[in-house]
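Below is one structure, written out as C-alpha coordinates; the observations come after it.
The values are calculated or read from the model by the stated rules, or taken from the named source; none is laboratory data. Quick caveat, the model's predicted, so the values are computed rather than measured. Note that we place each Cβ from the backbone using ideal geometry, even for glycine, and neighbour counts take in every protein chain shown.
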Amino acid sequence: MGLDYRQTWTCYLGQEKACGQCGSCVERLDAFAKMGLTDPVPYVQI
Ligand SMILES: [Zn+2]
(Lines give C-alpha, C1' and ligand atoms only; values in the text may rest on other atoms or scores of the structure.)
Protein backbone atom coordinates (compact mmCIF):
# COMPACT_ATOMS: atom_id res chain seq x y z
CA MET A 1 0.00 0.00 0.00
CA GLY A 2 0.98 3.65 -0.10
CA LEU A 3 1.25 3.68 -3.87
CA ASP A 4 -1.53 5.56 -5.61
CA TYR A 5 -2.06 3.73 -8.86
CA ARG A 6 -4.40 6.42 -10.09
CA GLN A 7 -1.45 8.75 -10.47
CA THR A 8 0.84 6.32 -12.19
CA TRP A 9 1.22 5.78 -15.89
CA THR A 10 3.31 2.74 -16.43
CA CYS A 11 2.37 1.34 -19.82
CA TYR A 12 5.52 0.22 -21.61
CA LEU A 13 4.26 1.57 -24.90
CA GLY A 14 3.82 5.12 -23.62
CA GLN A 15 0.92 5.87 -25.94
CA GLU A 16 -2.10 8.09 -25.39
CA LYS A 17 -4.03 5.13 -24.05
CA ALA A 18 -2.69 2.21 -22.07
CA CYS A 19 -2.43 -0.96 -24.13
CA GLY A 20 -3.84 -3.25 -21.45
CA GLN A 21 -1.62 -6.02 -22.77
CA CYS A 22 1.94 -5.44 -21.61
CA GLY A 23 3.25 -6.74 -18.28
CA SER A 24 2.93 -3.33 -16.71
CA CYS A 25 -0.70 -2.91 -17.71
CA VAL A 26 -1.62 -6.43 -16.64
CA GLU A 27 0.03 -5.87 -13.28
CA ARG A 28 -1.80 -2.58 -12.89
CA LEU A 29 -5.18 -4.03 -13.82
CA ASP A 30 -4.60 -6.90 -11.42
CA ALA A 31 -3.80 -4.46 -8.62
CA PHE A 32 -7.00 -2.51 -9.25
CA ALA A 33 -9.03 -5.70 -9.39
CA LYS A 34 -7.62 -6.82 -6.04
CA MET A 35 -8.54 -3.45 -4.53
CA GLY A 36 -12.01 -3.69 -6.00
CA LEU A 37 -11.50 -0.50 -7.97
CA THR A 38 -11.94 0.44 -11.59
CA ASP A 39 -8.88 1.79 -13.35
CA PRO A 40 -9.73 5.34 -14.52
CA VAL A 41 -7.02 5.25 -17.14
CA PRO A 42 -8.31 4.78 -20.70
CA TYR A 43 -7.37 1.55 -22.39
CA VAL A 44 -7.14 0.80 -26.06
CA GLN A 45 -10.14 -1.22 -27.16
CA ILE A 46 -8.98 -4.50 -28.59
ZN1 LIG B 1 0.67 -1.35 -21.61
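Points to keep in mind about this one:
- Output for segment 10-46, where each listed residue is over 8 Å from the mean Cα position of the chain (by Cα) and at positive phi: Gly14, Gly36
- Scan of segment 24-46 for residues that are near the ligand (Cβ under 8 Å from one of its atoms) and small (Gly, Ala, Ser), ordered by number: Ser24
- First in segment 21-34 and under 19 Å from Gln45 (Cβ atoms), second anywhere and within 14 Å of the ligand (Cβ to nearest atom) and among the aromatic types (Phe, Trp, Tyr), Cβ under 6 Å, 6 or more apart: Cys22/Tyr12; Ser24/Tyr12
- Evaluation of Gln21 against (1) in contact with a helix residue (DSSP H, G or I) (Cβ under 9 Å, 6 or more places away or on another chain); (2) polar (S, T, N, Q); (3) modelled with pLDDT of 90 or more (one fails), failing number: (1)
- Residue count for segment 13-39, restricted to those that are loosely packed, with under 14 Cβ neighbours inside 10 Å, part of a helix (DSSP H, G or I) and among the polar types (S, T, N, Q): 0
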